[in-house]
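Trainee: Handing you this structure, nothing more for now.
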Amino acid sequence: MCEVSKAELEAIQARLSKIEADTSEMIEMFNALQGGFRVLQMIGRLAKPFGYISAAVTASVVAWTKLKGGA
């Protein structure tokens, strides 16, 4: 087995600590993005019924206007 001095071990530990800090920031960013995409997905799911409702209201208004003799 190869022998590692205390200074080398501390240097390796310092590098690992820096890598851990960097990757934890990236993981936090990905978690935030994932939450944002979930919100956008919910908005998309709600937009579909609102589109149907607005189309039905518009069709009703147009039909009512035509029945009343509007242009």
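The values are calculated or read from the model by the stated rules, or taken from the named source; none is laboratory data. It should be emphasised that the depicted structure is a prediction, and the values quoted were computed from it without experimental measurement. Every residue, glycine among them, receives a Cβ derived from its backbone with ideal geometry; neighbour counts consider all protein chains shown.
Trainee: Quick one: which of ALA11, ALA55, ALA59, ALA7 is at negative phi, over 37 Å from the mean Cα position of the chain (by Cα) and surrounded by 10 or more Cβ atoms within 10 Å (Cβ to Cβ)? If you could, list the steps in order and put the result at the bottom.
Mentor: Details: ALA55 fails: over 37 Å from the mean Cα position of the chain (by Cα); ALA59 fails: over 37 Å from the mean Cα position of the chain (by Cα); ALA7 fails: surrounded by 10 or more Cβ atoms within 10 Å (Cβ to Cβ).
After ruling out the rest, the residue left standing is ALA11.
Trainee: Given the conditions (1) at pLDDT 90 or above; (2) loosely packed, with under 10 Cβ neighbours inside 10 Å, report the number of the one that CYS2 does not fulfil.
Mentor: Among (1) at pLDDT 90 or above; (2) loosely packed, with under 10 Cβ neighbours inside 10 Å, the lone unmet condition for CYS2 is (1).
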